[in-house]
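J.: My questions will all concern the structure given below.
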Amino acid sequence: MYEHVLVPTDGSPGTTQAVEHALELVGPNSTVHALSVVDQRIYLAAGGDQQDAVIQSLRDDAVGAVEKCTDECEGSCETTTAIREGVPHRVILEYADEHDIDVIVMGTHGRTGRDKLASLGSVTERVVENARRPVLVVHIDE
């Protein structure tokens, strides 16, 4: 059993699969950390007059994402939530270091080729490559 498990979440349906795996790794005295990252690259790329609306929408999505994760963990373990802004893989790794996370559990769509290039690389891949702790990668069924 792990004491502190980090589940980065964007609120997508696939996150549920990552949470299910995370719950298999915890006991009643464990904590699942639900982290949603507001990707600053998205709102910085928006036009100046649209930035406020874009960032508010991203923040609202992040709140929904961590609430969904908390709901899925209810009754299984303690949860804590965090919403941060920045470049997702960097923020995830910083959070893991700050909170002495035992394992990171996150999903991947397993994109390759053009799909991978179109999404500017995989956050999961960057976390795996740079993490100083175990990362459990869950293949997301679509």
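J.: Output the residues belonging to the stretch 41-92 that are under 14 Å from the mean Cα position of the chain (by Cα) and over 18 Å from Thr15 (Cα atoms).
T.: Those that are under 14 Å from the mean Cα position of the chain (by Cα) and over 18 Å from Thr15 (Cα atoms): Glu85, Gly86, Val87, Arg90.
J.: Let me ask you something else. Kindly indicate whether any position in the stretch 98-110 is over 21 Å from Glu129 (Cβ atoms) and of a type outside the set (D, E, K, R). Show your work before the answer.
T.: Taking the stretch 98-110 first, the residues over 21 Å from Glu129 (Cβ atoms) are none.
No, every residue in the stretch 98-110 fails to be over 21 Å from Glu129 (Cβ atoms) and of a type outside the set (D, E, K, R).
J.: Additional query: Cβ-Cβ under 6 Å, sequence separation 6+ or interchain: first residue in the stretch 85-100 and farther than 19 Å from Asp61 by Cα, partner part of a helix (DSSP H, G or I) and modelled with pLDDT of 95 or more. Which pairs?
T.: These pairs meet every condition: Leu93/Asn130.
J.: Can Arg84 be described as at pLDDT 95 or above and under 24 Å from Asn130 (Cα atoms)? Spell out the reasoning first.
T.: Values: at pLDDT 95 or above: yes; under 24 Å from Asn130 (Cα atoms): yes.
For Arg84, the condition - at pLDDT 95 or above and under 24 Å from Asn130 (Cα atoms) - is met.
J.: Given the options Ala18, Ala34, name the one that is in contact with a Leu (Cβ under 9 Å, 6 or more places away or on another chain) and more than 18 Å from Glu85 (Cβ to Cβ). Quick ask: steps written out before the conclusion?
T.: Values: Ala34 fails: more than 18 Å from Glu85 (Cβ to Cβ).
Sole residue among the options that is in contact with a Leu (Cβ under 9 Å, 6 or more places away or on another chain) and more than 18 Å from Glu85 (Cβ to Cβ): Ala18.
The values are calculated or read from the model by the stated rules, or taken from the named source; none is laboratory data. Quick caveat: nothing in here was measured; it's all calculated off a predicted structure. Methodologically, a virtual Cβ is constructed for each residue, glycine included, from the backbone with ideal geometry; neighbour enumeration extends over all protein chains shown.
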